[in-house]
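Everything on this sheet refers to the single structure shown next.
Read-outs: derived from the displayed coordinates by stated rules, not from any lab. Just so you know, these numbers come straight off a predicted model, no measurement behind them. Here the Cβ is made from the backbone with ideal geometry for all residues, glycine too, and neighbour counts use every protein chain on show.
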Amino acid sequence: MREITPDYVMLGGHSYGGRQTTLLAAETPAVAHALLLLSYPLHPPRKPEQLRTQHFPQLRTAALFIHGTRDPFGSIEEMTGALQAIPARHQLVSIEKAGHELGAAAPAVILREAECFANV
C-alpha cells in the first residue's frame, strides 16, 4: 500500500489477523507506517507458557495494541510485559470488561486511539 499511496497507511487485524500483521511487519518493516492490533493472541487460553512473541524484537513498525481486560489470550499485565520486547514505538490501550471480541464500545475506542496514534 505504501508504494501506491502517499497517505498514511495503518495495517492491522483482529486476533490471528493481527498476529499475521506483526509477522509481516517484522519481515518487511516498510509495509505500513503503523500497525493496529486488536486482541493480539499473546498465547492460547490457559497456556501462558506458549507465547507468540518470538518476532517482537524484529518489529520496527509503530504498533498500537487494543486489548480487553478480560481477554483469555493474554492479560493486560502479560501484554505489558511482552510489548517491552518491541523496539519500535508501541502503545497498549485496554478496554475495561471486554473479552477477546472487544464488545460494543470498541469501535469508538479504536477510531479515537488510532487517530491519536497516527498523529504522534
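In whole Å, what is the distance between the alpha-carbon centres of the range 38-60 and the range 63-86?
Using only Cα atoms to place each centre, the spacing works out to 9 Å.
Do any chymotrypsin sites (Phe, Trp or Tyr not before Pro) in the range 1-108 lie in a loop, going by DSSP, with at most 16 other beta-carbon atoms within 10 Å of their beta carbon, and if so which?
Numbers: sites: TYR8, TYR16, PHE65, PHE73; in loops: TYR8, PHE73.
Those satisfying the criteria are TYR8.
Which one, SER75, PHE65, LEU51, projects farthest toward the positive side of the charge dipole computed for the chain from Cβ point charges (K/R +1, D/E -1)?
With unit charges placed on the Cβ atoms, the residue in question is LEU51.
For HIS100, what is the net charge nearby, where nearby means another residue's Cβ is under 12 Å from its Cβ and Lys, Arg count +1, Asp, Glu -1?
Values: positive: ARG70; negative: ASP71, GLU101.
Result for the local shell: -1.
Dipole of the range 4-71, Cα-centred, from +1 at each Lys and Arg C-beta and -1 at each Asp and Glu C-beta, to the nearest 20 debye?
260 debye
Can you give me the relative contact order of the chain as a percent, contacts being Cα pairs under 8 Å and 6 or more apart? Present the calculation step by step, with values, prior to reporting the outcome.
Details: 224 pairs, mean separation 26.6, N = 120.
It comes to 22 percent, rounded to a whole number.
When the chain is fully extended, how far beyond the present Cα-Cα distance does THR28 get from GLU115, taking 0.36 nm per residue of separation? Working shown, then result.
Details: separation 87, 0.36 × 87 = 31.32 nm, distance 2.32 nm.
That pair, THR28 and GLU115, stretches by 29.0 nm at full extension.
Placing unit charges on C-beta atoms (Lys and Arg positive, Asp and Glu negative, everything else neutral), compute the dipole magnitude of the chain about its Cα centre in debye, rounded to 20. Present the calculation step by step, with values, prior to reporting the outcome.
On the way: 10 positive and 11 negative charges, 34 e Å.
It works out to roughly 160 debye.
So if I take the centroid of the Cα atoms in the range 97-116 and the same for the range 1-26, what is the distance between those two points in Å?
Their Cα centres are 18 Å away from one another.
Counting helices only, and only those DSSP H runs with n ≥ 4, report the 222 nm mean residue ellipticity of the chain as the sum of -39,500 (n - 2.57) divided by its residues, in deg cm²/dmol to the nearest 500. Display every interim value, and only then the final one.
Values: 3 runs with 33 residues, N = 120.
After summing the helix terms and dividing by residue count, I get -8500 deg cm²/dmol.
Apply the Debye scattering formula to the chain, with a single equal point scatterer on each alpha-carbon and no solvent, then give log10 I(q)/I(0) at q = 0.14, 0.18, 0.23 Å⁻¹.
Reported log10 I(q)/I(0), two decimals: -0.53, -0.89, -1.41.
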